[in-house]
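**Student:** Right, I'll just put the structure down here and ask away after.
The values are calculated or read from the model by the stated rules, or taken from the named source; none is laboratory data. Because the structure is a prediction, the values reported are computed rather than measured. All Cβ positions, even for glycine, are placed from backbone atoms using ideal geometry, and neighbour counts span all protein chains on display. Quick note on the areas: whole protein, heavy atoms, side chains included, nothing else; ligands and nucleic acids left out. Shrake-Rupley method; radii C 1.70, N 1.55, O 1.52, S 1.80 Å.
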Amino acid sequence: MKQSEPDFWVLEYVTITKDPRTDLVVAIGGTEEVADILQRTGGFRSAAGPRGDYHGLPHGLPVEQQRLKATTASHALLAAGHSVHLDPALNMLATPDGERDAALRYPARLAERVAAAETSNEVAEVLTEVAAPVHGLLSLTREVVVRAWIAASDLQGTAPGEEPEPIARLGDSVSSMSEAARVILRARNHAARSTQRPATAPPPSRAQSSVSRRR
């Protein structure tokens, strides 16, 4: 006799993640009990969205506070028997490798977004994520290179302009990265201004053509 699969009942799934476009930490899905747990343990607030209600942390919280509240809420939900997906970037218990994996997933997600773009504005949004002056990927990477250049010069005891050639070229790369960011932002602005190509005007009717020839 063939044994049938048992029925498996799962409560409504809850996802806690950080929206890359707004930097809002949001919780999507769940029941009224879920909303109660999110509000009591994580400080989430209910809000109405275009596709239904969701829960979000107050905007502007420090990153560590976001991670603490999201992690606390997710564990409270799990303890209550709910199914939860917590974005690894918000998990305070994640290992350093987990943070690195999350960092690698972000550019991959941007590549997927731009590959699936159907409008110039969608392309512009991705380019903004790459080259935004403060929090863009390129700007953050440039900040790392600047700090590495300064640290390498200090550790070797050299003054500005007297660094060994490899260290000096590291400093030169900062200017190249700044110029690359400017190029990308100009392309972003152009893409954002682009509109749909106007429709081709229909050919004149025969009556209009006859009038034109008489004139």
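**Student:** Considering only residues that are assigned to a helix (DSSP H, G or I) and not hydrophobic (A, V, I, L, M, F, W, C), look in the stretch 56-73 and name the one that is farthest from Ala27 (Cα to Cα).
**Tutor:** Glu64
**Student:** Quickly run through the stretch 148-173 and pick out the residues that are in contact with a Phe, Trp or Tyr (Cβ under 8 Å, 6 or more places away or on another chain) and either open to solvent by 40 Å² or more (accessible area, probe 1.4 Å) or in contact (Cβ under 8 Å) with a residue 60 or more places away in the chain (or both).
**Tutor:** The answer is Leu170, and nothing else.
**Student:** Moving on to the next point. Against the condition assigned to a helix (DSSP H, G or I) and surrounded by 13 or more Cβ atoms within 10 Å (Cβ to Cβ), how does Ala108 come out, does it pass?
**Tutor:** For Ala108, the condition - assigned to a helix (DSSP H, G or I) and surrounded by 13 or more Cβ atoms within 10 Å (Cβ to Cβ) - is not met.
**Student:** Can you tell me which condition Thr119 does not meet? The list is (1) under 15 Å from the mean Cα position of the chain (by Cα); (2) surrounded by fewer than 14 Cβ atoms within 10 Å (Cβ to Cβ); (3) among the polar types (S, T, N, Q), and all the others hold.
**Tutor:** (1) is the only condition that Thr119 fails.
**Student:** Here's something else I'd like to know. Any idea which of (1) under 30 Å from Ala191 (Cβ atoms); (2) open to solvent by 40 Å² or more (accessible area, probe 1.4 Å); (3) not small (Gly, Ala, Ser) is the one Asp87 doesn't satisfy?
**Tutor:** (2)
**Student:** Does Val145 satisfy the criteria of being open to solvent by 50 Å² or more (accessible area, probe 1.4 Å), β-branched (Val, Ile, Thr) and within 26 Å of the chain's Cα centre (by Cα)?
**Tutor:** no
**Student:** Would you pick out the residues in the stretch 8-35 that are open to solvent by less than 70 Å² (accessible area, probe 1.4 Å) and of a type in the set (Asp, Glu)?
**Tutor:** Once the filter is applied, which keeps residues that are open to solvent by less than 70 Å² (accessible area, probe 1.4 Å) and of a type in the set (Asp, Glu), the stretch 8-35 yields only Asp19.
**Student:** Sort through Val126, Val130 and tell me the only one that's aliphatic (A, V, I, L, M), touching a residue at least 40 places away in the same chain (Cβ under 8 Å) and part of a helix (DSSP H, G or I).
**Tutor:** None of the others qualify; the one that does is Val130.
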